[in-house]
Amino acid sequence: MSDTVTSRLSGFHKLPMEERLAQLGRMFRLAPEELNMLHGVGALQPTLANQMIENAVGTFSLPLGLGLNMMVNGRDYIVPMAVEEPSVVAAVSFAAKIVRESGGFIAEADPSMMIGQVQLTRFGDATEASQKILDVKDQILALANSFHPSMVSRGGGAKEVEVRVLPAPEGPRGEPLLIVHLVIDCQEAMGANLINTMAEGVAPLIEQVTGGKVYLRILSNLADRRLSRAMCRIPVPMLADFEMAGEEIAEGIAQASRFAQADPYRAATHNKGVMNGIDSVAIATGQDWRAIEAGAHAFACREGQYRPLSNWFLEEGHLVGRIELPLALGTVGGPIKVHPGVQAALKVMRVNSVREMSMVFAAVGLAQNFAALRALGSVGIQKGHMALHARCVAVTAGARGDWVEKIANELVKAGHVKVEKARELIAALSPAEAAAATGTTG
Ligand SMILES: CC(C)(COP(=O)([O-])OP(=O)([O-])OC[C@H]1O[C@@H](n2cnc3c(N)ncnc32)[C@H](O)[C@@H]1OP(=O)([O-])[O-])[C@@H](O)C(=O)NCCC(=O)NCCSC(=O)C[C@@](C)(O)CC(=O)[O-]
Ligand SMILES: NC(=O)C1=CN([C@@H]2O[C@H](COP(=O)(O)OP(=O)(O)OC[C@H]3O[C@@H](n4cnc5c(N)ncnc54)[C@H](OP(=O)(O)O)[C@@H]3O)[C@@H](O)[C@H]2O)C=CC1
């Protein structure tokens, strides 16, 4: 791989797609097959898809873009993003460009600790049953680890047993819930399968020592022992653009953050913006994005009210942004080593461990959030977003080829990004132009 990898590729978005790929190929010394994978040519063959899921009839594609300008802990990252929504990739690159000029993102991630849950019922007295389980804690851990000795030799495996007694949902007359938590270090894996194996494996021992009956044995997607954090600190004057002073923009972002802190209706949309970035990278890198989504939103609710995953405030002439969320990611397992497109995407992202990957994910979430709040707290989201959405609108109205960009530009100029307007523009062309614009013969 080239030593000159940089994610600061100014004007990359103005290049034709072939030149973008060629530039990427040179920088990462990618083989033609790897470039083809990124380009989507043969990335996931139907025969392989048929081995991945049930009742397969084919594959389904999404656009793959590159988030640029990302600097995390002093290292440059080009971030593969699979997403259908216009402006997401531009927004992350835009934010990361500003942040890198103020030193980049600082991030950290916890070790890969996950929780496996075992639900015990008919246990009699809850305190006594809890104590019986804790008395055989070492036996439970040894049994759990016997199902995955290779995880232990990697330094991972089951590390702790905890017992939680929860009030009965039916009220005081119902049996309280007794939930055993197995805390497992999953190392480089997301961990669901290995956790479930261990949770199922220890259930008979828990039944035996308590005389109770186990029902559920499954991981928890609220991965709150596996948090990732990112922060950035931008000098306020660096936020200025041609139209607004840095102070005004910073104030708009801080006000947006206050709104999300106070109001779950706003926090949900704020977090949707965060997840625009995180989900896109998750899909491109073969992660279980449903698990990430479930964990993020459960974590957002941990204080009893749904809150934003990130926070922005002013401090000593700087705008400071922070994000914290659970990220159960893997560099092995699931489809990661199976899907050839994921392999090519990971080569571009060049993370050396799952913790490093989690830090980049957190930084992407914060960058995405910054771009949205910057727009929302100043000119509004529509200006930037709709300008990029205009191309989709032009295609929906029937435009094809070079005409997509032309019609999109006209829509933006008219300040009216609607399919009907695009159809009007096409209808106003000469018959020959209209035929060319819509790819039909005249
Ligand atoms: C769209 C921008 C970035 C334009 O912003 P701009 O001011 O036109 O950007 P710029 O010309 O100053 O360019 C700066 C950099 O941004 C990138 N960039 C700039 N343009 C492009 C492009 N076309 N394609 C790819 N990259 C682009 C590129 O890296 C460029 O660097 P350069 O290459 O020039 O050195 C800005 O208006 C923006 O960030 N808007 C916010 C968009 C957004 O957040 N979209 C998410 C979808 S909306 C949503 O679902 C979430 C939401 C909003 O509801 C969340 C919430 O409520 O919190
Ligand atoms: N609620 C949820 O989120 C659920 C999710 N899932 C799915 O489970 C999958 C993730 O489970 P997961 O257990 O991670 O995946 P896998 O079982 O596919 O793979 C993980 C395995 O990779 C091997 N491995 C090789 N090197 C390492 C390393 N350095 N660190 C850790 N493991 C290593 C280990 O096996 P070995 O030790 O044998 O080498 C490990 O058990 C995803 O596809 C997810 O969609 C499934 C059920 C529920």
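Quick check: is even one residue across segment 381-393 among the basic types (Lys, Arg) and touching a residue at least 24 places away in the same chain (Cβ under 8 Å)? There is at least one residue in segment 381-393 that is among the basic types (Lys, Arg) and touching a residue at least 24 places away in the same chain (Cβ under 8 Å). Any residue that is open to solvent by 40 Å² or more (accessible area, probe 1.4 Å) and assigned to a helix (DSSP H, G or I) - is there at least one of those in segment 323-336? No, every residue in segment 323-336 fails to be open to solvent by 40 Å² or more (accessible area, probe 1.4 Å) and assigned to a helix (DSSP H, G or I).
Criterion first (farther than 26 Å from Ala363 by Cα and either outside any strand (DSSP E or B) or in the same structural domain as Phe105 (by TED's automatic domain parsing) (or both)) does Leu48 satisfy it? Taking the combined requirement at face value, the residue satisfies it. Looking across Arg229, Arg266, Arg258, one residue alone is within 16 Å of ligand 1 (Cβ to nearest atom), closer than 22 Å to Ala372 by Cβ and open to solvent by less than 70 Å² (accessible area, probe 1.4 Å). It is Arg266. Tally the residues that are open to solvent by less than 20 Å² (accessible area, probe 1.4 Å) and of a type in the set (A, V, I, L, M), restricting the search to segment 160-191. Of the residues in segment 160-191, 9 are open to solvent by less than 20 Å² (accessible area, probe 1.4 Å) and of a type in the set (A, V, I, L, M).
If a residue has to be assigned to a helix (DSSP H, G or I) and closer than 11 Å to Leu66 by Cβ to count, how many in segment 1-16 make the cut? Reasoning before the result, please.
Start the filter on segment 1-16 by keeping residues that are assigned to a helix (DSSP H, G or I), which leaves 12-14.
Pick out the ones that are also closer than 11 Å to Leu66 by Cβ and you get 12-13.
Result for segment 1-16: 2.
Scanning segment 282-304 for residues that are surrounded by fewer than 16 Cβ atoms within 10 Å (Cβ to Cβ) and in a loop (DSSP other than H, G, I, E, B) returns Cys301, Arg302, Glu303, Gly304.
Conditions tested, residue by residue: (1) within 21 Å of Ala230 (Cβ to Cβ); (2) among the polar types (S, T, N, Q).
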| position | (1), (2) |
| --- | --- |
| Gly295 | yes, no |
| Ala298 | yes, no |
| Gly304 | no, no |
| Ser310 | yes, yes |
| Gly321 | yes, no |
| Pro326 | yes, no |
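Taking (1) out of contact with any Leu (no Cβ under 9 Å at 6 or more places or on another chain); (2) outside any helix (DSSP H, G or I); (3) at pLDDT 95 or above in turn, Asp279 satisfies each apart from (2).
Residues in segment 310-345 that are of a type in the set (A, V, I, L, M) and either within 16 Å of ligand 1 (Cβ to nearest atom) or closer than 24 Å to Asn369 by Cβ (or both): how many? Adding up the residues that qualify gives 9.
Here Glu248 fits the description: assigned by TED's automatic domain parsing to the domain that holds Gly330, more than 27 Å from Ala282 (Cα to Cα) and in contact (Cβ under 8 Å) with a residue 24 or more places away in the chain.
Conditions (1) within 16 Å of ligand 2 (Cβ to nearest atom); (2) touching a residue at least 40 places away in the same chain (Cβ under 8 Å); (3) not assigned by TED's automatic domain parsing to the domain that holds Pro264, marked per residue:
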{"position": "Asp288", "(1), (2), (3)": "yes, yes, no"}
{"position": "Ile323", "(1), (2), (3)": "no, yes, no"}
{"position": "Ala363", "(1), (2), (3)": "no, yes, no"}
{"position": "Leu366", "(1), (2), (3)": "no, yes, no"}
{"position": "Val395", "(1), (2), (3)": "no, no, yes"}
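The set of residues in segment 126-163 that are among the acidic types (Asp, Glu) and either in a helix (DSSP H, G or I) or over 30 Å from the mean Cα position of the chain (by Cα) (or both) comprises Glu128, Asp135, Asp138.
Restricting to segment 350-384, name every residue that is more than 23 Å from Gly74 (Cα to Cα) and either small (Gly, Ala, Ser) or open to solvent by 30 Å² or more (accessible area, probe 1.4 Å) (or both). Outline the logic, then answer.
Just the residues of segment 350-384 that are more than 23 Å from Gly74 (Cα to Cα), to begin with: 372-384.
Ala372, Ala375, Leu376, Gly377, Ser378, Val379, Gly380, Ile381, Gln382, Lys383, Gly384, listed by residue number.
For segment 15-44, a tally of residues being open to solvent by 90 Å² or more (accessible area, probe 1.4 Å) and within 26 Å of the chain's Cα centre (by Cα) returns 1. Just one of the listed residues (Lys418, Lys347) is assigned by TED's automatic domain parsing to the domain that holds Asn276, open to solvent by 40 Å² or more (accessible area, probe 1.4 Å) and touching a residue at least 12 places away in the same chain (Cβ under 8 Å), namely Lys347.
Scanning segment 72-126 for residues that are away from ligand 1 (no atom under 12 Å from the Cβ) and free of Cβ contacts under 8 Å to residues at least 24 places away in the same chain, we see that the one that is surrounded by the fewest Cβ atoms within 10 Å (Cβ to Cβ) is Asp125.
Looking only at residues of segment 192-226 that are farther than 25 Å from His297 by Cβ and of a type in the set (A, V, I, L, M, F, W, C), we find that the one that is surrounded by the fewest Cβ atoms within 10 Å (Cβ to Cβ) is Val209.
In this entry, Gly401 passes the filter for residues that are open to solvent by 40 Å² or more (accessible area, probe 1.4 Å) and farther than 19 Å from Val92 by Cβ.
Give segment 329-342 a look and list any residue that's more than 7 Å from ligand 2 (Cβ to nearest atom) and in contact with an Asp or Glu (Cβ under 8 Å, 6 or more places away or on another chain), or say none.
As a first pass, look at segment 329-342 and keep what is more than 7 Å from ligand 2 (Cβ to nearest atom): 329, 331, 336-342.
Thr331 - this is the single residue of segment 329-342 that is more than 7 Å from ligand 2 (Cβ to nearest atom) and in contact with an Asp or Glu (Cβ under 8 Å, 6 or more places away or on another chain).
Looking for something in a loop (DSSP other than H, G, I, E, B) and not assigned by TED's automatic domain parsing to the domain that holds Cys232 - is there at least one such residue anywhere in segment 305-314? No, there is no match, as no residue in segment 305-314 is in a loop (DSSP other than H, G, I, E, B) and not assigned by TED's automatic domain parsing to the domain that holds Cys232.
The values are calculated or read from the model by the stated rules, or taken from the named source; none is laboratory data. Everything numeric here is computed off the predicted structure, so don't read it as measured data. Using ideal geometry, Cβ is built from the backbone for each residue, glycine included, and neighbour counts are taken over all protein chains shown. When the accessible area is computed, the model is the full protein with side chains, heavy atoms only, and any ligands, DNA or RNA have been set aside. Shrake-Rupley method; radii C 1.70, N 1.55, O 1.52, S 1.80 Å.
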